[in-house]
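Here the structure comes first, spelled out in structure tokens, and everything after it is commentary.
The values are calculated or read from the model by the stated rules, or taken from the named source; none is laboratory data. The structure presented is a predicted model; accordingly, all values stated were derived computationally and were not measured. Cβ: placed from backbone, ideal geometry, glycine included. Neighbour counts: every protein chain shown.
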């Protein structure tokens, strides 16, 4: 049969992700590669209790959260460990199935928006989604808190230097350039927006640890 | 005598009766009754729909139907929308236009989807059809504003020019100005896909002002707000309108001008566009909201609170396209406000991010499902799903006819139980007996295909990705789905056995697409030999498939039935069993 299919044509080989020759494992292999690159465990959001993974953070002289062990279920905190090596997503061609027309429309918006801004991700314990905000848009802590309150429907407690936040179950924290989790509000605003890599609104017991350090 | 009775109905009577039969299916049935009905029917058929331009040749169509006025052609397979079909694969319309130019001087409607249209084709259309009225180019490419200029200049009776989602090259020709001053017949104009350089506002305004029958106008992103108001005032009888760029700050003069312009448009029923819209301007459209039946906000980055406000003004809404910014809360508001809703499409705002940036889950879809009794068509992107939710949707909506669910992460299990979503989708096909289109996603085993084969008897189109365990899955679908026309599969462990066992089924279908599956080139060759009325195309840019080890699987496979035989315009990366290589260009 092969004899009747002469190979005269030399087609130009386009760069292609060569899937394995083993045909029965072909699907499994491509998915395994895909899953590994996606680092699914790290990004898997759960609303139930998380697994046994835990994070411990260094304590510095600024008020930091002693233990980021996440009991409330949002596994976003696991990213603390992996921030140094951000998971590279193996972008599968044509997935999710969105037309180029729509994709281009989304992408131009993204690039327009993200030039010149200081975008950080904001998460809140218990909320199954993240937001991105541009810190440059706010003039100081009051505006930032107002925006966060609107976004996540909660109230920030009253801030005092000695005690941290009082009167609310929710405490705004941020991860700084050293990878430490700090209480929002301790440092001057300018210093804060330059140091802040991401924000997390912590809930309940984690917040109790604040103020005890040092 | 019975024989005399059959032919006693005169030609004129039959032709008159047939003129009431519009649907292709019915016409095909009519033409199969007897030879004389076949003859009469073929002479009076005016509209042709060709779902796959390679299934039949233009000469064959012309031979059978000599007096066609309207033709609709589709070219590339659906997965071309997601960049799975390499450039240059095919779908060229020029051969069709060339043949029809000679045979159908009275052709007045051409509708194309996913085809390659060149300026030469457009110029030929402009030159050849004296009474040309309707040109729809959906998701097409290959032409520029030069071609559009030719159409504008020559087609005196053009009523509809719709370029939806096509890619148009900008040659900086002010093509709109090519419509002569005497031209007044535009009824529907859709140029929303054009870039900013391709439309001249003054030409547009002049065109709109002299076309009193204009009912549908979809402009592109670059038309600023003050121009929008002007144009609306020139065309107060619009039924469909696509709104444009909104400026950053609210200016009360611009706002009141816009609001006034909208309130003039008493017949407006459908709004779309909304690129870069600023929520402060949305109240400008409140005056028309109560009459709106269709709203496309899928390019608008407005957030849930503003979306909820907007939607609560639109009780007559039948069709909503929106981004996931609407969130579950917005969908709940939709469910309580819009009881006439028939179609919902929710697109992801940030599909390539691993984490969701909007609180949209399966709950939103369940809410709409429970609250909107007329819901028939769903396209929903989300990040989690449960069997329970799918069962609820299925049981509350037996009248669903299109259900396309895309859980963004492949192989996502039921988030509550960790199980595959087989049972959920099984419920969908079991309860929704009229389901004609289904797209699957999430963690799925062969079981779901067993359900589909067993229950989805009216299913015409099925899309599958990252699902199944073995050939059995594919076999269930091919052996069970009686009405299946189009099957598209990617990244599933389906291979030779299921394909070869169900070879005969493939001739009853329009097409089968399989990419990144487990089909060998040997099987493709065998299938090709067994089934001469199938075109089996192996699309593989890595080189000749038979130069690789025998058990190496093909990259992409496109199989479609055809009475036209192998096509003559195959690019080098399409491999078939073609023995006469002289035919390959």
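Among what's in the stretch B:513-547 and is over 21 Å from residue B:564 (Cβ atoms) and in contact (Cβ under 8 Å) with a residue 60 or more places away in the chain, pick the residue that is farthest from the other protein chains (Cβ to nearest Cβ).
Taking the candidates together, the pick is B:515.
Which fully enclosed helices (runs of 4 or more DSSP H) of the stretch B:396-481 have 3 or more residues being farther than 19 Å from residue B:379 by Cβ and within 14 Å of chain A (Cβ to nearest Cβ)? Break it down into steps so the answer makes sense when it comes.
Working: elements: B:422-431, B:446-455, B:471-480.
The qualifying helices (runs of 4 or more DSSP H) are B:471-480.
From the list B:300, B:354, pick out the single residue that is closer than 19 Å to residue B:441 by Cβ and within 14 Å of chain A (Cβ to nearest Cβ).
B:354
Going by the conditions given, is residue B:386 within 12 Å of chain A (Cβ to nearest Cβ), more than 26 Å from the chain's Cα centre (by Cα) and more than 24 Å from residue B:274 (Cβ to Cβ)?
When the stated conditions are applied, residue B:386 passes them.
Restricting to the stretch A:128-163, give me the number of residues that are within 11 Å of chain B (Cβ to nearest Cβ), over 15 Å from residue A:118 (Cβ atoms) and without any contact (Cβ under 8 Å) to a residue 40 or more places away in the chain.
Residues that pass the stated criteria total 4.
Restricting to the stretch B:197-236, and then to whatever is assigned to a helix (DSSP H, G or I) and in contact (Cβ under 8 Å) with a residue 40 or more places away in the chain, can you tell me which residue is farthest from residue B:259 (Cα to Cα)?
Keep residues of the stretch B:197-236 that are assigned to a helix (DSSP H, G or I), which gives B:197-198, B:201-209, B:225-234.
Checking the rest, the ones that are also in contact (Cβ under 8 Å) with a residue 40 or more places away in the chain come to B:198, B:225.
On the way: B:198: 27, B:225: 11 Å.
It comes out as B:198.
Out of the stretch A:85-114, which residues are closer than 25 Å to residue B:490 by Cα and at pLDDT below 65?
Across the stretch A:85-114, the qualifying residues are A:87, A:88, A:89, A:90.
Hey, among the residues in the stretch B:329-351 that are within 21 Å of the chain's Cα centre (by Cα) and more than 14 Å from chain A (Cβ to nearest Cβ), which one's surrounded by the fewest Cβ atoms within 10 Å (Cβ to Cβ)?
Selected residue: B:343.
Which residues, taken from the stretch B:549-564, are assigned to a loop (DSSP other than H, G, I, E, B), touching a residue at least 12 places away in the same chain (Cβ under 8 Å) and out of contact with any helix residue (DSSP H, G or I) (no Cβ under 8 Å at 6 or more places or on another chain)?
Looking only at the stretch B:549-564, we keep the residues that are assigned to a loop (DSSP other than H, G, I, E, B), and these are B:549-552, B:554-555, B:562-564.
In the following step, the residues that additionally are touching a residue at least 12 places away in the same chain (Cβ under 8 Å) were identified as B:550-552, B:554-555, B:562-564.
Listed by number, the residues that qualify are B:555, B:562.
Evaluate the following for residue B:96: is it touching a residue at least 40 places away in the same chain (Cβ under 8 Å), within 16 Å of residue B:569 (Cα to Cα), in a helix (DSSP H, G or I) and in the same structural domain as residue B:66 (by the TED database)?
yes
Out of all the residues in the stretch B:528-539, which are in contact with a strand residue (DSSP E or B) (Cβ under 7 Å, 6 or more places away or on another chain) and over 12 Å from residue B:558 (Cα atoms)?
Listed by number, the list holds a single entry, B:533.
Tally time: how many residues in the stretch B:313-328 are modelled with pLDDT of 95 or more and either more than 25 Å from the chain's Cα centre (by Cα) or in a loop (DSSP other than H, G, I, E, B) (or both)?
Looking only at that region, the number is 7.
I'm trying to understand the selection: among the residues of the stretch B:33-54, which are outside any strand (DSSP E or B) and within 23 Å of residue B:565 (Cα to Cα)? Let's see the steps before the verdict.
Initially, the stretch B:33-54 is screened for residues outside any strand (DSSP E or B), giving B:33-46, B:51-54.
B:42, B:51, B:52, B:53, B:54, listed by residue number.
Which of the residues belonging to the stretch B:55-83 are modelled with pLDDT of 95 or more, within 14 Å of another protein chain (Cβ to nearest Cβ) and not in a helix (DSSP H, G or I)?
B:76, B:77 - these are the residues of the stretch B:55-83 that are modelled with pLDDT of 95 or more, within 14 Å of another protein chain (Cβ to nearest Cβ) and not in a helix (DSSP H, G or I).
Being free of Cβ contacts under 8 Å to residues at least 60 places away in the same chain, more than 28 Å from residue A:95 (Cβ to Cβ), touching a helix residue (DSSP H, G or I) at 6+ places or on another chain (Cβ under 8 Å) and part of a loop (DSSP other than H, G, I, E, B): is that true of residue B:339 here?
It is true that residue B:339 is free of Cβ contacts under 8 Å to residues at least 60 places away in the same chain, more than 28 Å from residue A:95 (Cβ to Cβ), touching a helix residue (DSSP H, G or I) at 6+ places or on another chain (Cβ under 8 Å) and part of a loop (DSSP other than H, G, I, E, B).
Looking at B:239, B:277, which is the one that is within 22 Å of residue B:321 (Cα to Cα), outside the structural domain of residue B:211 (by the TED database) and at pLDDT below 85?
Working: B:239 fails: at pLDDT below 85.
Answer to the check: B:277.
Determine if the stretch B:501-512 includes at least one residue that is within 14 Å of chain A (Cβ to nearest Cβ) and either within 28 Å of the chain's Cα centre (by Cα) or modelled with pLDDT of 90 or more (or both).
Scanning the stretch B:501-512 turns up no residue that is within 14 Å of chain A (Cβ to nearest Cβ) and either within 28 Å of the chain's Cα centre (by Cα) or modelled with pLDDT of 90 or more (or both).
Pull up the stretch B:285-311, narrow it to residues that are out of contact with any strand residue (DSSP E or B) (no Cβ under 9 Å at 6 or more places or on another chain) and part of a helix (DSSP H, G or I), then point me to the one that is nearest to residue B:249 (Cα to Cα).
Of everything passing the filter in the stretch B:285-311, B:306 is nearest to residue B:249 (Cα to Cα).
Let me spell it out: the conditions are (1) part of a loop (DSSP other than H, G, I, E, B); (2) touching a helix residue (DSSP H, G or I) at 6+ places or on another chain (Cβ under 8 Å); (3) modelled with pLDDT of 80 or more, and residue A:117 meets all of them except one. Which number is the exception?
With (1) part of a loop (DSSP other than H, G, I, E, B); (2) touching a helix residue (DSSP H, G or I) at 6+ places or on another chain (Cβ under 8 Å); (3) modelled with pLDDT of 80 or more applied to residue A:117, the lone miss is (3).
Condition test on residue B:272, is it in a strand (DSSP E or B), touching a residue at least 24 places away in the same chain (Cβ under 8 Å) and under 22 Å from residue A:104 (Cβ atoms)?
Taking the combined requirement at face value, the residue satisfies it.
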